[in-house]
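Notes follow once the structure below has been shown.
The values are calculated or read from the model by the stated rules, or taken from the named source; none is laboratory data. Keep in mind the model is a prediction, meaning the values are calculated, not measured. Methodologically, a virtual Cβ is constructed for each residue, glycine included, from the backbone with ideal geometry; neighbour enumeration extends over all protein chains shown.
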Amino acid sequence: MKKFELFFLSMTALLLTSCAPKVVTDMYTSEFDALSPDSVRVFLMNEKVPEQTLAIGTVKVVDGGLAAKGSFEQVLDLAVKATAQNGGNGLVITEHRMPDTRSTIHRIWGTMLRMPETESDTSVVKGSLDRALAQPADNQYMQTYQSPYEEIKKRNENAPRNILRFSVGPSWMTSNFQVGNKIYESKCGVDVEVDYDHVWVSGFGIGVNYLHNYTSFEEGFAQRLNYIGPSLVLALPSDKWRWDMAMGFGYCSYSESVGKVSVSESHIAPLMRIGLEYKVSKQIALGAQMNMITVKLDKPDDVVLKENEFYGIRRIGLQVGMRYYF
């Protein structure tokens with residue numbers, strides 16, 4: 001035989017093998033001899049198995065790795081043969097996945113059984129196989145794979161589309177700040193935040209965020225920060241709980257005052273928010289959230305910064321409040 005023909009036949013055999021569904025077994029025991037596939041009785045997940053039945057292992061028939069073709073009848077036949085080969089005379093189908101975006105074939109999972117010989121009558125076995133093959137695609141033991149995106153979309157179908165938040169709580173300045181001759185490495189202030197989000201079924205959405213911060217110092221010095229801007233939102237709800245996060249850039253007005261003297265400047269600043277809320281009624285929820293804002297200020301000429309140091313304000317806040325769904 002020519003080398004080309006040998007190579008062609010080898011590749012053909014390899015492709016045929018790769019395209020076939022893959023049978024995987026996990027045996028609990030190997031004490032039973034192989035049986036004929038005709039002696040294997042098939043049970044659906046909701047069917048009762050006979051008493052004195054022993055589970056001897058599990059079997060699954062899945063995609064072999066390429067675009068294999070396998071009908072439900074074909075993959076069930078492979079599972080039945082694997083059961084018989086390992087000494088089982090019963091097979092319980094525990095899961096059946098239809099062809100989907102992950103695979104072009106039917107896939108099944110099952111438990112292999114060893115039943116009393118009296119439960120393997122030929123007519124009973126044939127009837128059980130016919131019932132299994134006649135099951136509609138929406139039977140309870142059949143499941144269709146859902147991607148994470150589809151699962152998120154399903155959870156968001158009944159979730160609120162519009163959310164209005166009123167939150168208040170403490171915030172801490174994490175950047176160094178000098179007042180007179182004293183350098184504050186941290187200083188607690190008060191945050192008041194109002195947010196509006198519109199979320200689509202996909203879980204993504206857009207929002208508008210307003211944040212006001214007030215911080216006072218022992219020297220009679222006061223610091224105020226007002227932020228407003230749009231944001232991108234991601235929400236993950238459940239029946240009662242709802243987790244969300246938002247990221248945005250907006251207009252920030254910063255001011256410092258001592259007595260009646262004050263100075264202010266405006267910048268574009270980033271704001272990040274992460275929140276968790278609990279639904280107490282159809283339209284009302286209670287929630288907690290954390291926010292972080294960083295404002296880069298105009299540096300005076302006489303200020304010298306270290307490497308990787310910036311001149312400005314960085315704050316982290318923790319707030320609680322009410323949410324209104326509509």
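Points worth noting:
- Residue check: THR94 meets all listed conditions (1) at pLDDT 90 or above; (2) assigned to a strand (DSSP E or B); (3) within 18 Å of LYS22 (Cα to Cα) but one, namely (1).
- Selection count, the range 256-270, where residues are farther than 18 Å from GLY229 by Cα, in contact (Cβ under 8 Å) with a residue 12 or more places away in the chain and touching a strand residue (DSSP E or B) at 6+ places or on another chain (Cβ under 9 Å): 3
- Matching residues, the range 65-91, being modelled with pLDDT under 90, in contact with a helix residue (DSSP H, G or I) (Cβ under 9 Å, 6 or more places away or on another chain) and part of a loop (DSSP other than H, G, I, E, B): GLY65, LEU66, ALA67, ALA68, LYS69, GLY70
- If the condition is being of a type in the set (Lys, Arg), more than 22 Å from SER238 (Cβ to Cβ) and at pLDDT below 90, then the range 146-198 contributes only LYS182.
- Taken together, the criteria exclude ASP38 from residues that are more than 19 Å from THR118 (Cα to Cα) and either among the aliphatic types (A, V, I, L, M) or outside any loop (DSSP other than H, G, I, E, B) (or both).
- Selection within the range 98-114: residues that are more than 12 Å from GLY70 (Cα to Cα) and surrounded by fewer than 19 Cβ atoms within 10 Å (Cβ to Cβ). The member of this set that is modelled with the highest pLDDT is ASP100.
- Residue selected from the range 211-249 under the condition aromatic (Phe, Trp, Tyr) and surrounded by 15 or more Cβ atoms within 10 Å (Cβ to Cβ), by the criterion farthest from the chain's Cα centre (by Cα): PHE221
- Boolean, GLY180 is assigned by TED's automatic domain parsing to the domain that holds GLY275, surrounded by fewer than 18 Cβ atoms within 10 Å (Cβ to Cβ), more than 17 Å from GLY248 (Cα to Cα) and in contact with a Leu (Cβ under 7 Å, 6 or more places away or on another chain): no
- Residue match in the range 54-64 (condition: over 35 Å from the mean Cα position of the chain (by Cα) and either modelled with pLDDT of 85 or more or at positive phi (or both)): yes
- Of all residues in the range 252-284 being of a type in the set (Lys, Arg) and modelled with pLDDT under 95, the one that is surrounded by the most Cβ atoms within 10 Å (Cβ to Cβ): LYS279
- Any hit, the range 219-233, residues being farther than 30 Å from ASN181 by Cβ and among the basic types (Lys, Arg): no
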